[in-house]
Every structure is written in structure tokens, then in C-alpha cells.
Amino acid sequence: MGALARNLRAIQKRVNPPGTPHAARRKILAVVKANAYGHGAVPVARALARAGTDWFGVTCSAEGMELRRGGIRDRILLLTGFWPGEEKHLIQHRLTPAVTRCEQLRMLERAAARARRGPVAFHLKIDSGMNRLGIAPSDVPCVARTLADCPHLKLEGIFTHFASSEVFTDEKTDQQQQVFMRALEHLRSLGVEAPLIHLANSGGIATRPATWANMVRPGLILYGYHQSYDPLDRNAVAAAALPLQPVLSLRTRVISLRDVPVGQGVGYNGRWVASRPSRVAVIAAGYADGLPRALTNRGRLIIRGQFVPMVGTVSMDLTAADVTEIPEVRIGDVATIYGDDGEASLPISEVARLVGTVTSDLCCAIGQRVPRFYLP
Ligand SMILES: *Cc1c(COP(=O)(O)O)cnc(C)c1O
């Protein structure tokens, strides 16, 4: 977990440059939803708690409960809110809901009044232009009116989420920020304020200091990657501002070696046919472990410090590679799917680009049956 703690420290330093007075210190809400982007929610949250995270962010109450059962006592924000009927449960386990519709205030108020545990904190999500989730700026008066009737609730945070913060050239982020600031101003004029204001996800933290407010919500950058959908591919700019280290490597072993004669196919539907006498290594990993099936006949692995091409269909449990060029390969050799081996490096972000998706997608796809080992 050394890399994870270092990434968190780099983020803390980025948003709180040396000399920041303690009182002005920006808080970090570490996003550990989706099993901490596939890395393992509880071990990751424990390491981040030790390294000084202020808050955790998950999607839903099931994810919040997993952290509570794992002994995490820090504050947890449910970024996507809650289902009707979950209110009592949230209050019991100190899970802080995001409120994304005006009528949820009344549901929460009823449960808060019944629980008699003092004011129940929540964060209000404002839809500033992503058009998915959150109250519309035009609903501000409804929120203010309803809240005035909710003595058992405490508005602790107001936030929004960006559609394209990682795209340097997109003005949408500035527009969203303006819409959000106007909504905040409108709320304030109606007497509604909150101590925590947060907007920035990874892209905002890396490249847009104007979005930092007093809390930030890093996800992908915690795990060591910058988002990379910028048409100008200015990732180097982000990387210089915020140096990161990938947290995960995905490795398996060679479990079978085959000499395949010319003209013979390998794997389902024989999608690869040997055009020379070939040696094929079969590794114990497939799409159930998270290898995208789209890597069929396109991907690479690292074995004995060298790149080898995947051959044939990536199947559920097994994947083959052409190791004809490396006669020393033996059964039991380590095969690196994502990560470094010797001089060779195969970042998950590069594989994501190859198959036309984002790094987070491939991180989340790493299968449940893959054992996770945590190094200090
Ligand atoms: C997932 C999520 C984040 C983290 O996003 P990254 O782009 O991975 O940093 C932040 N805020 C909200 C509301 C999210 O849902």
C-alpha cells in the first residue's frame, strides 16, 4: 500500500501547498466505490484512513456497510444517495447520504425525527449540467422551503460533479462551476449554507485549482492514473503537477505450454492459426479475471521481462500467448497482465486505450476471484 499512501500524500500536497494554514486546509474525500476501483474496498480504506484521509465516498449503502463492517469509523458519503426505506439504516450506521431530489429531504426528516439521535447530516448534490443526478438549480427555492421544515436535518455539504474535468480544452467545466456557484449564492440568499463545498474529481484536482473549494473527491488518481481523454493528450501536464504511482499489478502464471504445428488453431473458434511452428503458453486468467475479451488477438503480456502477443480468443479462464521467441519459458513462469516486469512495462491505462475504454473500467473489471495481496 506504499504507492496508495504516496498518491494520497501527493494529492494532499497538491491541494494544500506548503504554507497553507491549518484552518484553510482542504479536506480529502477518498472515493473507494466499486470495491475501491477493484483494488479491495476495506484494505484500501484502512490504508487511506491510516494515511490521513478525512472522508470516504462510496456509491450506495451496501458499499458503506462493507466499510463499517471492516472497521472504518471515518465519515462516509453515499455519493449516489439512498433508496426509499434505507433512511433508518443509514442513520444507525452513520452513513451520510447525498440528497439528490427535494422530496428525499422529507423522507430523511421523518427518519431523523424518529431516530432521536440529534441532527442527521446530509450533503446536497446539485446538477450543474451533467444532467444525470442532483437537484436542478431551479429547485433551490424548494430545497430552502423544505429544509426550513426539517429541524432534525443538518446540511453539511453541497456538491456537484463534472462531466469533463479531465478535458483541458472543454469549457463545460467552467460553465458547470458557474452554474454551481450561482446555485450556492441563491441558496445563501435564502439562508441555506453548508460548511463543506466540493466539486473536484481526479481531473479537477490534477489540473483545475479553481475547482478545489474546501474538499476534493479523488478517485482514479488515488490508484495512480491520470485520466486520458484529452484530445491534446496533455497528460504530461497533469503528471508533472501531480506525480502518481500505479497501485496495482495483475499477474498470473503459465499453466500449459504447447507446440503448435503450422495450420493449427488455438482456443475457441481457432481465431489464431499458427503460420509457423509455434510455441504457445497458456496463462491462468481470462475475462472472468478482468482481461477484456476485446484483447483477443490484440493484447500483450510480459513473460520473463519480454512482451509476447496474445493469440486467439481471450476466454473466461484462459488466455494464450505466442512465446516462440522465448524458448526458456517454462510452466510456472509469471505472466504480467498489468504492471512491470524487468524493463518491460504494461500499464493498465495503456491497455484501456488499446481497447477503447477508460482505466477505471478495466480496474473495476478485475474479477472477484482474483486474490489481492497487499504489500506495505
Ligand atoms: C466516482 C466519483 C468521483 C471520483 O471520480 P474520479 O474521476 O475517479 O476521480 C468523484 N465524485 C463523484 C460524485 C463520483 O461519483
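Could you give the semi-axes, largest first, of the ellipsoid that matches the chain, computed as the square roots of 5 times the alpha carbon gyration tensor eigenvalues and rounded to whole Å?
Numbers: eigenvalues 409, 91, 70 Å².
With the √(5λ) rule applied to the chain, the semi-axes are 45, 21, 19 Å.
Hey, any idea what % of the chain's accessible area is carbon plus sulfur with a 1.4 Å probe? Write out the running numbers ahead of the final one.
On the way: 9010 of 17290 Å².
Carbon-and-sulfur percentage of accessible area, whole number: 52.
Rank 150, 142 by accessible area, highest first, at a 1.4 Å probe radius?
On the way: 150 5, 142 40 Å².
Largest accessible area first, the residues go 142, 150.
Could you tell me the calculated FRET efficiency between residue 355 and residue 188, based on Cβ-Cβ distance and R0 = 45 angstrom, to the nearest 0.05?
0.45
Which value, in Å², gives the accessible area per residue of the chain when a 1.4 Å probe is used on the protein heavy atoms?
Normalised by residue count, the accessible surface of the chain is 46 Å².
Sequence-distant or interchain residues sharing an amide H contact under 5 Å with residue 75, placed H: which?
Amide H to amide H, under 5 Å and 5 or more residues apart or across chains, residue 75 pairs with 56.
The values are calculated or read from the model by the stated rules, or taken from the named source; none is laboratory data. Just so it is clear, the structure is predicted and the values come from calculations on it, not from any experiment. Here the Cβ is made from the backbone with ideal geometry for all residues, glycine too, and neighbour counts use every protein chain on show. To get the accessible areas, we keep the full protein, side chains included, count just its heavy atoms, and leave off ligands, DNA and RNA. Shrake-Rupley method; radii C 1.70, N 1.55, O 1.52, S 1.80 Å.
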